[in-house]
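For reference, the structure discussed in these notes is given below.
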């Protein structure tokens, strides 16, 4: 009995020891697994932190670039406003100059007509024996001054519409002037102001068509160089830079001593 009890006791102690050793090994294994998981998490955390730092730096760089672009945009907008003001001022000076030159031209033409009239011998001084002179009706002699007065007034009325900025009204009045006085020495000027009025209305295609009439219908007019310059301006307004360059080159080649050619040379230099 004693031996049996002792054997049972030894067997129990052996089993308890084995069970204890097994529990310690499992605990160590779990601890090792957890340490591996912790290390993996730490590695992932380090990677995430590095990525965050990289992204943060990239974001800061991007924000800096955006700020720089905003600064450049503001500077360019400011320059654009200055250029727009300069262009508007230049166009106004050109309009004033053309109006002044046009007025001087009309005075010279009027003085020439009056000088020719004064140089002509009076009808009353013609010999009585000359039938053709005595037979001419007085009304035929008096008609040109009256017509010239109406012509001048009609042209002045149309030009005044342009001066005050009523470009649509100027177009209508100048068109009526050309219809009423197609053979007038001012017809080419009237056609030019029609084109210039369209230009000021930003209707560049209509302006080009109007100025091309000046060039084709009145090739000997002093307004042809100005018409070519206005065509080039319209082409620039439409973004047709190559066409504008060709027009300016044509202007310089065909009318080299005109004021418009001097302006064209400066524009060509700035377009290079």
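Side notes on the structure shown:
- Filtering segment 227-245 for residues that are out of contact with any helix residue (DSSP H, G or I) (no Cβ under 9 Å at 6 or more places or on another chain), farther than 23 Å from residue 160 by Cα and either modelled with pLDDT of 95 or more or in the same structural domain as residue 169 (by TED's automatic domain parsing) (or both) leaves a non-empty set.
- Every residue from segment 255-272 that is within 17 Å of residue 219 (Cβ to Cβ) and surrounded by 14 or more Cβ atoms within 10 Å (Cβ to Cβ): 255, 258, 260, 261
- Evaluation of residue 163 against the conditions (1) surrounded by fewer than 20 Cβ atoms within 10 Å (Cβ to Cβ); (2) free of Cβ contacts under 8 Å to residues at least 60 places away in the same chain shows that the sole unmet condition is (2).
- Residues of segment 201-239 that are within 14 Å of the chain's Cα centre (by Cα) and not in a helix (DSSP H, G or I): 201, 202, 203, 238, 239.
- Test: residue in segment 210-222 that is surrounded by 14 or more Cβ atoms within 10 Å (Cβ to Cβ), over 28 Å from residue 238 (Cβ atoms) and at pLDDT 95 or above: no
The values are calculated or read from the model by the stated rules, or taken from the named source; none is laboratory data. Only a predicted model underlies this, so the values are computations on that prediction, with no experimental measurement involved. Quick reminder, even Gly has a Cβ in these numbers, built from the backbone with ideal geometry, and neighbours come from all protein chains shown.
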